[in-house]
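What follows is a short report on a single structure.
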Amino acid sequence: MPSLEKLQMYIDAEWQAPASGEYIETSNPFTGKPWGLVPRGNASDVDRAVGAAHKAFTSGEWPKLTATSRGHMLRRLGDLVAENADHLGEIEVKDNGKLIAEMAVQTKYAAQWYYYFGGLADKVEGGVLPIDKADHFAYTTHEPLGVIAMIIPWNSPLLLLTWKLAAALAAGNTVVVKPSEYTSASTLEFAKLVEQAGFPKGVFNVVTGYGQEAGEPLVTHKDVAKVAFTGGSESGTRVYEKAASGLKKVSLELGGKSPNIVFADCNMENAVMGAVSGIFAATGQTCIAGSRLLVQESIHDEFAEKLVAFAKTAKMGDPMSMDTQVGPVTTPPQFEKILSYMDVAKADGAECVLGGKRADRSECGDGWFVEPTVYTGVKNSMRIAQEEVFGPILSIIPFKDDEEAIEIANDVIYGLAAGLWTSDIGRCIEIPKRIKAGTVWVNTYRAVSYMAPFGGYKTSGLGRESGKDSIYEYMQTKTVWISTSKETANPFILK
Ligand code: NAD
């Protein structure tokens, strides 16, 4: 077996080995074989990284930079991301199983967050208050928080980091990132670009390792001001609890069980593509997966038939091949989890009309592949309709009318996203108002942008990423009062 590539952590602008001396194997989901070794960081590494980030926040070059200079640096980073997009994309494919066809677009697009927030850095303004107290002048300023801990999942490592990082750096914070133990390679490679862009030492640090061993010490570190977490709801809840003991600010981007609602008056061809994009793109491993397809009764059978016919043609195999449409599952535990939900669906009494098993196709080699799977006869109360699977498993649920569609759509603990397919302008406007989700797509699905706020209702999270207001998730407001009076005030009376 060829020797495995040994990666190092990036702390205080140096490539460092973990204090434990131990490494975690990282694998290629297409071959099912390890290709590299990722440092198994622990509390001691976290302490070094937070120490470096804290020092960079409080002294040296970074806090002295103007917001305009920070903006320039971010735009330089955007250029570097765009120039290196193919290389970064290939690492995501090797380490994560992402499709090169999608990465070619996604990684280039990630540069836009650095341009957008780079431009925004010097447009955050405080205000002079028309204060109601005589002989006083008062104004507000927005200041960075300090060291931000960023905890990232495995499904879209660079993009999800970018959503947080661009805003946090634009605001003037420093950062320690803990990527997923399964997919750390792209973040470590990206650290080289941060250095090339000219960010001072200690502003950006990466500690790799497991959630409990490296993630938790980061969340609870006394010098971390805020935790920005993306991941599953269970770990998110634990992170929230742990952060509470230090009264840290927290933003959470968690799971989803998004409804994709198809009305009888839709453009059926488009809606079929939207349903496919909602659940089979990225092998269903997205928080915004439209895993509950609500179809109006009158077109249910025809729609299900068309969808299945199209999904059957989806090309599986090597994610490095530009025409592959469904790639492998990223991790072995996730692979097992998806297969176990096929048993759950069966036990619940759902009818499998496509897939329902691991993919046993020659083009899938030894990779972790599951067949695109569709269930009909699903009731919204079934586990397969209530729990996040995070894989290419679609549940089709029939509904009678608008009221029933809305009721089913909202009847889950999650509220991340929803889709709606209709040609009725009234529905396009009225239904989004009644859907309890942070994003509603009408006649489209899976659209995201640096300027569009993204985040969850209900248990799908706290806070918003992207969009100009998201910079305030990484800032705090200070009010300054200046007395202009020459007289001595009575100290016992509130001014
Ligand atoms: P996960 O929760 O298992 O892990 C996410 C990250 O948290 C990893 O880096 C992990 O090491 C770390 N972690 C785990 N336990 C921790 C702890 N106790 N303290 C600190 N860190 C800890 O999630 P995952 O399996 O990597 O990712 C899939 C999940 O992420 C899905 O539920 C998906 O919906 C969610 N997700 C949400 C969004 C969103 O924007 N809402 C985007 C992508 C993924």
Legend entry - Ser381 free of Cβ contacts under 8 Å to residues at least 40 places away in the same chain, of a type outside the set (Asp, Glu) and open to solvent by 70 Å² or more (accessible area, probe 1.4 Å): yes
Inset, instruction - Could you check Val194 against (1) within 28 Å of Pro332 (Cβ to Cβ); (2) more than 16 Å from the ligand (Cβ to nearest atom); (3) open to solvent by less than 10 Å² (accessible area, probe 1.4 Å) and say which number it fails? - result: (1)
Inset, instruction - For residues that are over 21 Å from Pro29 (Cβ atoms) and small (Gly, Ala, Ser), tally how many sit in the range 307-351. - result: 5
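In the range 411-434, what residues are among the aliphatic types (A, V, I, L, M) and either over 13 Å from Pro259 (Cβ atoms) or open to solvent by 10 Å² or more (accessible area, probe 1.4 Å) (or both)?
The answer is Val412, Ile413, Ile425, Ile429.
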Inset, instruction - Name the strands (runs of 3 or more DSSP E) wholly inside the range 403-495 in which the number of residues that are within 15 Å of the ligand (Cβ to nearest atom) is 1 or more. - result: 417-421, 439-442
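Determine if the range 41-54 includes at least one residue that is under 30 Å from Asp318 (Cα atoms), within 26 Å of the chain's Cα centre (by Cα) and in the same structural domain as Tyr182 (by TED's automatic domain parsing).
Checked against the condition, which is being under 30 Å from Asp318 (Cα atoms), within 26 Å of the chain's Cα centre (by Cα) and in the same structural domain as Tyr182 (by TED's automatic domain parsing), the range 41-54 yields no hits at all.
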Inset, instruction - Identify the residue in the range 95-138 that is among the charged types (D, E, K, R) and buried (at least 21 other Cβ atoms within 10 Å of the Cβ) and, among all such residues, is nearest to the chain's Cα centre (by Cα). - result: Lys98
Inset, instruction - Restrict the check to the range 339-352 and report whether at least one residue is aliphatic (A, V, I, L, M), open to solvent by less than 20 Å² (accessible area, probe 1.4 Å) and out of contact with any Ser or Thr (no Cβ under 8 Å at 6 or more places or on another chain). - result: no
Inset, instruction - Filter the range 25-38 down to the residues that are open to solvent by less than 40 Å² (accessible area, probe 1.4 Å) and under 23 Å from the mean Cα position of the chain (by Cα), then identify the one that is farthest from Gly97 (Cα to Cα). - result: Val38
Legend entry - Count of the range 297-314 residues which are among the charged types (D, E, K, R) and either open to solvent by less than 80 Å² (accessible area, probe 1.4 Å) or free of Cβ contacts under 8 Å to residues at least 24 places away in the same chain (or both): 3
Inset, instruction - Six or more apart or on different chains, Cβ under 8 Å: which pairs go from a residue in the range 472-493 that's farther than 30 Å from Lys164 by Cβ and touching a residue at least 40 places away in the same chain (Cβ under 8 Å) to one that's open to solvent by less than 80 Å² (accessible area, probe 1.4 Å) and part of a strand (DSSP E or B)? Could you list them? - result: Trp481/His136; Trp481/Ala138; Ile482/His136; Ile482/Ala138; Ser483/His136; Thr484/His136; Ser485/His136
Legend entry - Checking Thr183 against (1) closer than 25 Å to Thr286 by Cβ; (2) in contact with a helix residue (DSSP H, G or I) (Cβ under 7 Å, 6 or more places away or on another chain); (3) among the hydroxyl-bearing types (Ser, Thr, Tyr); (4) without any contact (Cβ under 8 Å) to a residue 40 or more places away in the chain, the condition it does not meet: (4)
Legend entry - Subset of the range 202-225 (residues that are surrounded by fewer than 24 Cβ atoms within 10 Å (Cβ to Cβ) and among the polar types (S, T, N, Q)): Gln212, Thr220
Inset, instruction - Please indicate, with yes or no, whether at least one residue in the range 145-158 is open to solvent by 10 Å² or more (accessible area, probe 1.4 Å) and more than 14 Å from the ligand (Cβ to nearest atom). - result: yes
Inset, instruction - Under 6 Å between Cβ atoms, at least 6 apart or on separate chains: pull out the pairs that start in the range 64-78 with a residue that is free of Cβ contacts under 8 Å to residues at least 60 places away in the same chain and end on any residue that is of a type in the set (Asp, Glu). - result: Thr68/Asp122
Legend entry - Unmet criterion (only one of (1) open to solvent by 20 Å² or more (accessible area, probe 1.4 Å); (2) more than 16 Å from the ligand (Cβ to nearest atom)) for Ile261: (1)
Legend entry - Residues of the range 316-354 that turn out to be without any contact (Cβ under 8 Å) to a residue 40 or more places away in the chain and either farther than 30 Å from Asn380 by Cα or small (Gly, Ala, Ser) (or both), as a count: 3
Legend entry - Residue that is nearest to the chain's Cα centre (by Cα), among those in the range 226-249 that are surrounded by fewer than 22 Cβ atoms within 10 Å (Cβ to Cβ) and aliphatic (A, V, I, L, M): Ala243
Inset, instruction - With the condition kept exactly as written, say whether any residue in the range 358-372 is open to solvent by 40 Å² or more (accessible area, probe 1.4 Å) and under 24 Å from Phe263 (Cα atoms). - result: no
Legend entry - Count - residues of the range 184-201 that are assigned to a helix (DSSP H, G or I), of a type in the set (Lys, Arg) and touching a Gly at 6+ places or on another chain (Cβ under 8 Å): 0
Inset, instruction - Scan the range 219-242 for residues that are within 20 Å of Glu143 (Cβ to Cβ) and within 10 Å of the ligand (Cβ to nearest atom) and report the count. - result: 1
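The values are calculated or read from the model by the stated rules, or taken from the named source; none is laboratory data. Keep in mind it's a predicted model, so treat the numbers as computed, not measured. Every residue, glycine among them, receives a Cβ derived from its backbone with ideal geometry; neighbour counts consider all protein chains shown. In case anyone asks, the SASA skips ligands and DNA or RNA and just uses the protein heavy atoms, side chains included. Shrake-Rupley method; radii C 1.70, N 1.55, O 1.52, S 1.80 Å.
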